[in-house]
1. Taking K and R as +1 and D and E as -1, what net charge do the other residues with C-beta under 10 Å from the C-beta of S67 add up to?
2. In nm, to one decimal, how far is the N25 label point from the D89 one, both placed 7 Å along Cα→Cβ?
3. Under 5 Å between amide H atoms, partner at least 5 residues away or on a different chain: which partners does L102 have, H built in plane at 1.01 Å?
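Taken together, the values in this text are just the output of simple stated rules run on the coordinates, not laboratory data. For clarity, every value in this text was computed on a predicted model and none was experimentally measured. Cβ coordinates were reconstructed from backbone atoms using ideal geometry, including for glycine residues, and neighbour counts include every protein chain displayed.
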Amino acid sequence: MKKHLSLTLVLAVLGIAATFAQGLNFGLKGGVNNSNFAGTSASFNAESITSYHAGVFLELGLSERFSLQPELLYSTLGAEVSLDGAVDDFKNRLGYISVPILARIYLIPNRVSLDLGPQVSFLMNERE
């Protein structure tokens, strides 16, 4: 149900994009992630791992100071885990597809913006 709702929302936003073609920008996005596991259990120790995220975005300019920006991103998160009493350590890597839908408010037009909005993420794979 959640997948259908988010897919419908993304398609609706993309459909609206055609009506705002003059304020339409799209591009690629990428960066570095540093993630870790945390908890209160004394039975494991976790060290952070460095990985990546990459994806695409579409900015729909609704006015000079406001736009909507749906994104489709792939991120790898996780940690290097050592269990107390275990012989080997292992890396746990989690692959996520994330769909943030941001409202972008330009504080200084085309220079500085404030981005706010929800994000839905789906676990796609897990590797140890």
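1. The answer is -1.
2. Using points 7 Å along Cα→Cβ, the separation is 4.2 nm.
3. Residues meeting the amide H criterion: Q69, E71.
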